[in-house]
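All remarks here apply to the structure that follows.
The values are calculated or read from the model by the stated rules, or taken from the named source; none is laboratory data. Bear in mind the structure is a predicted one, so any value in this text is a computation, not a measurement. Because the Cβ atoms are built from the backbone with ideal geometry, glycine has one as well, and the counts that use them run over all protein chains shown.
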Amino acid sequence: MNEHLIIAPILIPFVTGALMLLYDDRQRREAKFWLSIVSAAAQLLIAVELVVRAKTGGDISDAEGISFYLLGDWAAPYGIVLVLDRLAAMMLVLTALLAIPSLVYAHAGWDRQGPHYYSLFQFLLMGLNGAFLTGDLFNLFVFFEILLAASYGLLLHGSGQLRVRAGMHYIAMNLAASLLFLIGVSLIYGVTGTLNMAHLANLVSAVSVEDRPLLHAGAAVLAVAFLVKAGSWPLSFWLPTAYMAAAAPVGAMFAIMTKVGVYAILRLSMLLFGETGGASAGFGASILIILGMATVLFGLLGVLSSQSLGRMAAHSVLISSGTVLGITGFALAGGGPAMLAGALYYLIGSVLATGALFLLIEPMNREDGGIAAMLALTADAYGLDSEDLDEVPDTGLAITATMTVLGICFALCVLMLAGLPPLPGFIGKLAMVQALIAQTALPAGLAWAFIALLVVSGFATLIGMARIGIQTFWAGDSVLPRVLALEIAPVVALLVVLALTSFKAEAMLRYTGGTAAALHDTVAYAYGVFATPRVADRPEEDAQP
Amino acid sequence: MEIILSAAIGILSASGIWLVLRPRSFQVVIGLCLLSYAVNLFIFSMGRLTPGAPPIMPKGGFIDPTLYADPVPQALVLTAIVISFATTALFLVVMIASRGMTGTDHVDGKERSQQ
């Protein structure tokens, strides 16, 4: 029975979401909310259990702590297989950790803005969990489509012209990316004859010389599809508008959506083009490094030039995914697992912080009527007449408990995103920088350029966010925003988790270090699938009817 | 047959890409449809072209796989058709909503200003 736990993160949201479709929103909202919370909490518990299992090596897994689950009891590579390793388990926990605060926040009002919010949310969770767990390329496509279809609905949640327009761009972009995904998958299938990721990892080094360019083309087309999701630089112009237009709790959840793209690139490139990739080893590494750096640069320029917190938060999502993309490139080029460990730790922290920031945007802007007022304020703040600036503190409001709480939360988010101690942003960046300095596989100039970008992006975030903070907390008008406890509690919860991440940094870095090492050593993954016995072939006492 | 199939895929995707880059939302929808047809044909061709061969093998005995078509791409195409059909339908709804809200069928929700 225990082994079936792997599929639970997919089944629980699926069943919950489908069940909630049967009931009308207006009469059962309270019940739907609690059902969603229970579902998300169950996912969190299971994810934590799966992390423990991945860390120690569970009862059905082989030595390296990777568990396999043969769907329909078909032997690999004929059937679809779910794979639970450290990376997948970590992402599952992160998803559930982000989902619960976002749900609580939505209950403060956003869930009344349109139908079936909770169902769509559960389907999004199902798609995310499935994408993290699957070990099959085409199944990955299906889960991507599930999470995308749910995200289309969620992005449009609340309607309004801005959302519909941003939603249309978002859908068109992702439809095109899905088509690229299919082209890539079918090219890889055409060359290797398999869709199973582990089987692919075995076959890559054996691909004949004349077929290798085709395999590379397929992988590159596939990577473009993932890079669109990850918000990599030339493919990310849709992202800030879409994320800004989304309702606050949806925006918070979208913070992890870019990381699905990053996850897919990390998983597939390490598996196919890692050290065991033969002639293909390291394929695309330099491109990933360059794109990652370009994305960080684009994100930091965006943060500096943004006039609203929403746009700024969206650009800081870009910075964080660009950082992890670049480090993936370095790791692929042979930079060693240490920097990847830092990047994964940074990924956890930055997802939680951007999620919290998206939840903070709306309460912070409540009293001054949103973006339009924010623009006017900025114009004031940068007015040529310096006397205007001097007058601002006089009209400033006395900071009350609401403003204090908001201010502290905001400051903590900024500290995290800017990479200042003591929050995980600093520790993660420090680990990455240390590893980048120590690495010898790549020209030192490239590593130093990346380090410089890391530091400058943190500095830019600090400048941009401090500007917004000054406008909101020191130069705001005297009307106090009315912030519900239901809205601030999720933010506080996310920040507490962040603090714990920082407090437990050593243990977490050890975990991500193990994750990075496991990603580099693909043997357990690539051969474990084939060593997994079918239920029908197992000794009598284990077999289930 | 290879020439015809590859030409069909090429023409479909070329027309699709051209339409996707047009400013009217309906053209974008049609472009995405054409592109998805091209992609479906492409997936199909990745199972190699084997005219008149069944994809399902009979049970038992030794079977020569060269006499059969690859069933996997056919299954993939089915899935891909269903998914792209559903998402295109969703896109159409969003397009109509955008048309209703903005009063224009431009993808940006507003006409480009005349010079």
Is at least one residue of region A:516-524 at pLDDT below 80 and in contact with a Leu (Cβ under 8 Å, 6 or more places away or on another chain)?
yes
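Can you name every residue in region A:183-197 that is part of a helix (DSSP H, G or I) and either more than 7 Å from chain B (Cβ to nearest Cβ) or of a type in the set (A, V, I, L, M) (or both)?
Residues of region A:183-197 that are part of a helix (DSSP H, G or I), as a first pass: A:183-192, A:197.
Residues satisfying the conditions are A:Ile183, A:Gly184, A:Val185, A:Leu187, A:Ile188, A:Val191, A:Thr192, A:Met197.
Kindly indicate whether any position in region A:171-185 is among the polar types (S, T, N, Q) and under 30 Å from B:Met95 (Cα atoms).
Within region A:171-185, the first condition is being among the polar types (S, T, N, Q), and the residues that meet it are A:174, A:178.
After this cut, where a residue has to be under 30 Å from B:Met95 (Cα atoms) as well, the list is A:174, A:178.
Yes, region A:171-185 contains a residue that is among the polar types (S, T, N, Q) and under 30 Å from B:Met95 (Cα atoms).
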Might you let me know whether region A:232-242 holds any residue that is within 14 Å of chain B (Cβ to nearest Cβ), of a type outside the set (Lys, Arg) and without any contact (Cβ under 8 Å) to a residue 40 or more places away in the chain?
yes
Being buried (at least 23 other Cβ atoms within 10 Å of the Cβ), among the small types (Gly, Ala, Ser), touching a residue at least 40 places away in the same chain (Cβ under 8 Å) and on the phi < 0 side of the Ramachandran plot, is that true of even one residue in region A:145-160?
yes
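One residue is enough: does region A:128-138 have a residue meeting the conditions under 30 Å from B:Glu111 (Cα atoms) and among the polar types (S, T, N, Q)? First the steps, then the outcome.
Keep residues of region A:128-138 that are under 30 Å from B:Glu111 (Cα atoms), which gives none.
Scanning region A:128-138 turns up no residue that is under 30 Å from B:Glu111 (Cα atoms) and among the polar types (S, T, N, Q).
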Hits in region A:204-220 - residues which are surrounded by 19 or more Cβ atoms within 10 Å (Cβ to Cβ) and free of Cβ contacts under 8 Å to residues at least 40 places away in the same chain
A:Gly218
Log entry, pairs with first residue in region B:74-98 being within 13 Å of A:Leu175 (Cα to Cα), second being surrounded by 21 or more Cβ atoms within 10 Å (Cβ to Cβ) and of a type in the set (D, E, K, R), beta carbons closer than 6 Å, six or more apart or on different chains, reads B:Ile83/A:Glu145
B:Ser36 fails exactly one of the following numbered conditions: (1) under 22 Å from the mean Cα position of the chain (by Cα); (2) modelled with pLDDT under 90. What is the number of that condition?
(2)
I need the full set of residues from region A:321-347 which are crowded, with 24+ Cβ neighbours inside 10 Å and hydrophobic (A, V, I, L, M, F, W, C), in order please.
A:Val324, A:Leu325, A:Ile327, A:Phe330, A:Ala331, A:Leu332, A:Met339, A:Leu340, A:Ala341, A:Ala343, A:Leu344, A:Leu347
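Quick check: anything in region A:481-490 of a type outside the set (Phe, Trp, Tyr), within 21 Å of the chain's Cα centre (by Cα) and closer than 18 Å to A:Leu352 by Cα?
First, the residues of region A:481-490 that are of a type outside the set (Phe, Trp, Tyr): A:481-490.
From the residues that got through so far, the ones that are within 21 Å of the chain's Cα centre (by Cα) too are A:490.
Keeping just the survivors that are closer than 18 Å to A:Leu352 by Cα gives A:490.
Yes, region A:481-490 contains at least one residue that is of a type outside the set (Phe, Trp, Tyr), within 21 Å of the chain's Cα centre (by Cα) and closer than 18 Å to A:Leu352 by Cα.
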So for region A:202-209 (the condition being out of contact with any Leu (no Cβ under 8 Å at 6 or more places or on another chain) and within 14 Å of chain B (Cβ to nearest Cβ)), does at least one residue qualify?
no
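From the list A:Glu506, A:Glu540, A:Glu487, which one is more than 21 Å from A:Gly428 (Cβ to Cβ), modelled with pLDDT of 75 or more and among the charged types (D, E, K, R)? Full working, then the answer.
Values: A:Glu506 fails: more than 21 Å from A:Gly428 (Cβ to Cβ); A:Glu540 fails: modelled with pLDDT of 75 or more.
When all the criteria are applied, what remains is A:Glu487.
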Enumeration of residues in region A:520-529 that are surrounded by 16 or more Cβ atoms within 10 Å (Cβ to Cβ) and hydrophobic (A, V, I, L, M, F, W, C)
A:Ala524, A:Ala526, A:Val529
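Does A:Leu180 satisfy the condition of being more than 8 Å from every other protein chain (Cβ to nearest Cβ) and assigned to a helix (DSSP H, G or I)?
Numbers: more than 8 Å from every other protein chain (Cβ to nearest Cβ): yes; assigned to a helix (DSSP H, G or I): yes.
Yes, satisfied.
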Within region A:161-177, count every residue that is more than 7 Å from chain B (Cβ to nearest Cβ) and of a type in the set (A, V, I, L, M).
4
Name every residue in region A:143-160 that is more than 9 Å from chain B (Cβ to nearest Cβ) and either among the hydroxyl-bearing types (Ser, Thr, Tyr) or touching a His at 6+ places or on another chain (Cβ under 6 Å) (or both), in order of residue number.
A:Ser151
Which condition breaks for A:Ser36 when tested against (1) under 19 Å from the mean Cα position of the chain (by Cα); (2) crowded, with 19+ Cβ neighbours inside 10 Å?
(1)
Could you look through region A:441-478, keep only residues that are polar (S, T, N, Q), in a helix (DSSP H, G or I) and more than 30 Å from A:Leu332 (Cβ to Cβ), and pick out the one that is modelled with the lowest pLDDT?
A:Thr472
Going by the structure shown, is A:Phe121 free of Cβ contacts under 8 Å to residues at least 60 places away in the same chain and of a type outside the set (Val, Ile, Thr)?
no
Exactly one condition in (1) touching a Phe, Trp or Tyr at 6+ places or on another chain (Cβ under 7 Å); (2) at pLDDT below 85; (3) of a type outside the set (Lys, Arg) is false for A:Pro421; which is it?
(1)
Every listed condition ((1) crowded, with 18+ Cβ neighbours inside 10 Å; (2) in contact (Cβ under 8 Å) with a residue 12 or more places away in the chain) holds for B:Trp18 save (1)
Which of the residues that make up region A:177-194 are under 21 Å from the mean Cα position of the chain (by Cα) and of a type in the set (Gly, Ala, Ser)?
A:Ala177, A:Ser178
Would you check if there is a residue in region A:162-170 being in a helix (DSSP H, G or I), within 18 Å of the chain's Cα centre (by Cα) and crowded, with 23+ Cβ neighbours inside 10 Å?
yes
